[in-house]
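Student: This structure is in structure tokens; I'll ask about it shortly.
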Amino acid sequence: MTVYIITIISLSVLLSISCSTASKIPPQRVYKPITGSILLDNSIILKKAIAINIQLLDVTIPTDDAIQLSKQIIKNPKKIPVNFSMRFDEHDIKSYGSYIIRLSVYEGETKIYKSTHDIAVLTKGNPDIIEIPVEQVY
């Protein structure tokens with residue numbers, strides 16, 4: 001009988017330790033993609049040192065400095081349109097939030113194109129598959 005009680009107490013202690021340890025493990029991150037194409041002029045890919053900077057920004061609270069949630073840089077694209085797949089942490093996205101994609105194209109250090117407008121994504125019926133039109137920066 002004593003062995004039986006000790007066994008039950010030991011199992012209870014082990015179970016409580018494993019439960020408390022499991023609760024301290026951080027939640028697993030889930031990454032989802034935003035995919036799409038960038039509508040560039042064919043002459044852009046002929047230039048050297050081209051870099052396309054795509055940003056996912058949180059603009060839920062309107063300020064001059066949006067919060068960057070993800071960034072992708074595509075260097076020297078070889079074909080038009082340029083397809084992309086940008087990962088972001090699903091836990092960063094709130095259903096009430098507002099999120100946009102913003103794009104810039106650089107030749108070396110000089111910005112030569114930008115997205116014609118910020119593209120709303122992910123929430124409030126906005127898509128996660130997009131096309132990004134660009135305009136020349138003067």
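The values are calculated or read from the model by the stated rules, or taken from the named source; none is laboratory data. This is a predicted model, so every value here is computed, not measured. Virtual Cβ from ideal backbone geometry, glycine too; neighbours counted across all protein chains shown. Note: accessible area is taken over every heavy atom of the protein model, side chains too, but ligands, DNA and RNA are not part of it. Shrake-Rupley method; radii C 1.70, N 1.55, O 1.52, S 1.80 Å.
Student: Tell me, what is the 1.4 Å probe accessible area of VAL137, in Å² to the nearest 10?
Tutor: 50 Å²
Student: Aspartates and glutamates near LYS48 by alpha-carbon distance under 18 Å, same-chain residues fewer than 8 away left out - which ones?
Tutor: Candidates past the 8-residue exclusion: GLU107, GLU109.
Student: For a Förster distance of 25 Å, can you work out the FRET efficiency between the beta-carbons of THR63 and VAL137, rounded to the nearest 0.05?
Tutor: The value I calculate is 0.60.
Student: May I pose another question? With 25 Å as the limit, write out which pairs from LYS71/LYS94; LYS94/LYS114; LYS79/LYS124 have Cα-Cα distances beyond it, or answer none.
Tutor: Flagged as over cut-off: LYS94/LYS114; LYS79/LYS124.
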